[in-house]
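Asks: Right, I'll just put the structure down here and ask away after.
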Amino acid sequence: MSAPEKLAALREIMQTRGVDCVYVPSDDFHQSEYVGDYFKSRAYISGFTGSAGTLVIFADEAYLFTDGRYYLQAERQLEGSGIALMRSGSEGVPSVTELLRSKLKDGMTLAFDGRCVSASFAESLSRELHGVTFVTDVDFPGLIWNDRPPLPSGEIWALDIKYCGRSHAEKLAELREKLSGYDCGALVLSSLCDIAWLYNLRGSDVENTPVFMSYSIITAERDMLFANKNALSKVAEQLERDGVSLYDYDEFYPELKKLSGINVLLEKSAVSSSIVNSLKDCKITDAANPTKLMKAKKNPTELENLRLCHVADGLAVTRLMIELKFGEREFDELSCDEYLWQLRREAAEQVGVTLLGKSFDTIAAFGPNAAMMHYSAKPDSFARLDKAAPIPMLLVDSGGQYLEGTTDITRTFVLGKIPDEVKMHYTLTACGMLHLLNLIFMEGATGSSLDIVCREPLWERGIDYRCGTGHGVGYLLSVHEGPNRFHWRSGDAKLEEGMVTTDEPGVYIDGSHGIRIENELVAAKGLYNEYGQFLRFENLTFCPIDRDGIDTKYMDKSDIDKLNAYHKSVYDTLNQYLCENEREKLAYLTEKIS
């Protein structure tokens, strides 16, 4: 069925059941950023395949909300669907809640699957939509999705202590101590990354993110893990020896309802509305999952492993750069991605780390395609690299999942002559990235207070980018991990020692070009004196910044010194892994500028 046909089929059911509006989010049962195919209802109905978006369906109208990363993609994919694009964050565009409030009147009915909507958002809707009836126990998209993929249930495996650094018992003891501090009798975890981290387990239920469908309930006496028991077969014996009580995934809600009359700790933004509705006989303490901060602060073992896998990652992207700049191969966006994956496998073997897969689908975007922040080349729609193009630049955003950690790196390569204005954009982006990388700041600073350091070179010339400057990165988990991030509007978490965050400013000019330069940084202790504890960033990413995009008239001496120092560190780190010919090319790519 086409998108209009799917909407018509859904509206027929809505009319039969007396529902005026169906709300379709992008989330799974665990409020995950990336979800398995079973949960892609919004994409199935609308045709928009971006990872972030919300579909709102009325009897005679439909709206798709998405953010600035996906405006161009959504505009293209929604064409002919009958669904209006709502550019979230743009002037004059209402929020989802504002739209619902304007259209739903007393006595009308709003439906959504309560398992796929966070408790915090559901409660905010209840406050805002007075007189509106809610139906939360029906999966309306599922009623028309006849060939829906099954729920994922891949094999679950254990992550060795030499990679994770701390045993489940150690993590559990710390978690229970935090639980007692809240005076709570139970903790309910729904976030897949938090659960995988806590139990030192990994899986394959979400593409590019090695997690598994699961829930957990922790009390002072019991340690309960809910997952597909067949998938747990290889680790069940060890878990039970460690005192973990194993349950099937479907047993979670019946067990949850047995928590009666106690104080339950959970994070309403990270659990579903259905979970909170199942705890009506309990007092609820709404607070951030203690595991969120615990896993964000990487331990020494994790950091040592991360340093090693980043060497392999930088080596692979540097070899791609050498081939693009000096080689004879002809590339398109798809073959560039394939070649980089081959280079990653080879570099991992050479450095001595274990590459398991990608951490997200590679973005290889040439020319104007790079203006779409989350562009994805397809077999029937891709660009060939052409050095004679008006703006011959290739943006490659990629990453790997290693036993030694998760990586994320972006470089924009200049493959021919580019206009002066584009050089300005490139130089200012590089300067912003280097400013943040070299920042020294006081303990207690937040991502919002540091974000301006990266944006300042662009803001001074009236340029900005419609996204954050950086996100936290998990350890063999999600490439996007909270609570740490850089964003002047919403980066309110404090930066703490051991947190890994990306540093990725950019310029995106619709129909023309896109530039992004991204490194990963880890917060580390610096000077301590009478003013308190200072922090700094340790760089994890080693790959040249393309000097062909740099125009020094937009740099001061400090900027030049920062770029030269960074390039020296790149050469010193990578040269030992290169043959003589490659080493000469790297020496050229990292040569000092003045």
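The values are calculated or read from the model by the stated rules, or taken from the named source; none is laboratory data. Computed from a predicted structure; not experimentally measured. No Cβ is skipped: glycine too gets one built from the backbone with ideal geometry, and neighbour counts run over all protein chains shown. These accessible areas exclude ligands, DNA and RNA; they are computed on the full protein's heavy atoms, side chains included. Shrake-Rupley method; radii C 1.70, N 1.55, O 1.52, S 1.80 Å.
Asks: Would you pick out the residues in the stretch 573-594 that are more than 13 Å from Ala347 (Cβ to Cβ) and either in contact with a Ser or Thr (Cβ under 7 Å, 6 or more places away or on another chain) or modelled with pLDDT under 95 (or both)?
Replies: Leu586, Ile593, Ser594
Asks: Between a residue in the stretch 274-302 that is crowded, with 18+ Cβ neighbours inside 10 Å and any residue that is part of a helix (DSSP H, G or I) and among the aromatic types (Phe, Trp, Tyr), which pairs come within a Cβ distance under 6 Å, given they are 6 or more apart or on different chains?
Replies: Close Cβ pairs (under 6 Å, with a partner that is part of a helix (DSSP H, G or I) and among the aromatic types (Phe, Trp, Tyr)) amount to Ser278/Tyr253; Lys295/Trp197.
Asks: I want to confirm something. Restricting to the stretch 213-223 and keeping residues that are open to solvent by less than 10 Å² (accessible area, probe 1.4 Å) and touching a strand residue (DSSP E or B) at 6+ places or on another chain (Cβ under 6 Å), which single residue is nearest to Leu159 (Cα to Cα)?
Replies: Across the stretch 213-223, the extreme among qualifying residues is Ser214.
Asks: Identify, please: which residue in the stretch 459-486 is hydrophobic (A, V, I, L, M, F, W, C) and not in a strand (DSSP E or B) and is, among those, farthest from Asp67 (Cα to Cα)?
Replies: Filtering the stretch 459-486 for residues that are hydrophobic (A, V, I, L, M, F, W, C) and not in a strand (DSSP E or B), the one farthest from Asp67 (Cα to Cα) comes out as Leu476.
Asks: Only one of Gly498, Gly482 is within 23 Å of Thr301 (Cβ to Cβ) and buried (at least 18 other Cβ atoms within 10 Å of the Cβ); which?
Replies: Gly482
Asks: Out of Glu237, Glu255, Glu251, I need the residue that is out of contact with any helix residue (DSSP H, G or I) (no Cβ under 9 Å at 6 or more places or on another chain) and without any contact (Cβ under 8 Å) to a residue 24 or more places away in the chain. Which one?
Replies: That would be Glu237, the only listed residue that is out of contact with any helix residue (DSSP H, G or I) (no Cβ under 9 Å at 6 or more places or on another chain) and without any contact (Cβ under 8 Å) to a residue 24 or more places away in the chain.
Asks: For the stretch 44-64, give me each residue that is open to solvent by less than 10 Å² (accessible area, probe 1.4 Å), outside any loop (DSSP other than H, G, I, E, B) and farther than 12 Å from Ala3 by Cβ.
Replies: Selection gives Val56 alone.
Asks: How many of the residues in the stretch 537-583 are in contact with a strand residue (DSSP E or B) (Cβ under 9 Å, 6 or more places away or on another chain), of a type in the set (Asp, Glu) and not in a helix (DSSP H, G or I)?
Replies: Result for the stretch 537-583: 2.
Asks: Looking only at the stretch 434-469, count how many residues are surrounded by fewer than 18 Cβ atoms within 10 Å (Cβ to Cβ), charged (D, E, K, R), within 20 Å of Met555 (Cα to Cα) and in contact with a Lys or Arg (Cβ under 9 Å, 6 or more places away or on another chain).
Replies: Total satisfying the criteria: 1.
Asks: For the stretch 136-187, what are the residues that are of a type in the set (A, V, I, L, M) and either closer than 30 Å to Thr109 by Cα or part of a loop (DSSP other than H, G, I, E, B) (or both)? It would help to see each step written out before you state the result.
Replies: First, pick out the residues of the stretch 136-187 that are of a type in the set (A, V, I, L, M): 138, 143-144, 151, 156, 158-159, 161, 169, 172-173, 175, 179, 186-187.
Within the stretch 136-187, Val138, Leu143, Ile144, Leu151, Ile156, Leu159 qualify.
Asks: Further question on the same structure: Could you tell me which residue of the stretch 77-130 is least open to solvent (accessible area, probe 1.4 Å), considering only residues that are polar (S, T, N, Q) and part of a loop (DSSP other than H, G, I, E, B)?
Replies: Ser81
Asks: Test of understanding: among Ser26, Ser32, Ser41, which residue is touching a residue at least 40 places away in the same chain (Cβ under 8 Å), under 17 Å from the mean Cα position of the chain (by Cα), surrounded by 17 or more Cβ atoms within 10 Å (Cβ to Cβ) and within 19 Å of Ser273 (Cα to Cα)?
Replies: So the residue among Ser26, Ser32, Ser41 that is touching a residue at least 40 places away in the same chain (Cβ under 8 Å), under 17 Å from the mean Cα position of the chain (by Cα), surrounded by 17 or more Cβ atoms within 10 Å (Cβ to Cβ) and within 19 Å of Ser273 (Cα to Cα) is Ser32.
Asks: Among the small types (Gly, Ala, Ser), open to solvent by less than 10 Å² (accessible area, probe 1.4 Å) and farther than 21 Å from His480 by Cβ: does that describe Ala9? Give the derivation first.
Replies: Numbers: among the small types (Gly, Ala, Ser): yes; open to solvent by less than 10 Å² (accessible area, probe 1.4 Å): no; farther than 21 Å from His480 by Cβ: yes.
In short, no.
Asks: Pairs needed: first member in the stretch 433-451, in a helix (DSSP H, G or I); second member anywhere, open to solvent by less than 20 Å² (accessible area, probe 1.4 Å) and of a type in the set (Val, Ile, Thr); C-beta distance under 6 Å; at least 6 residues apart or different chains.
Replies: Every condition considered, the pairs that remain are Met433/Ile517; Asp451/Thr469.
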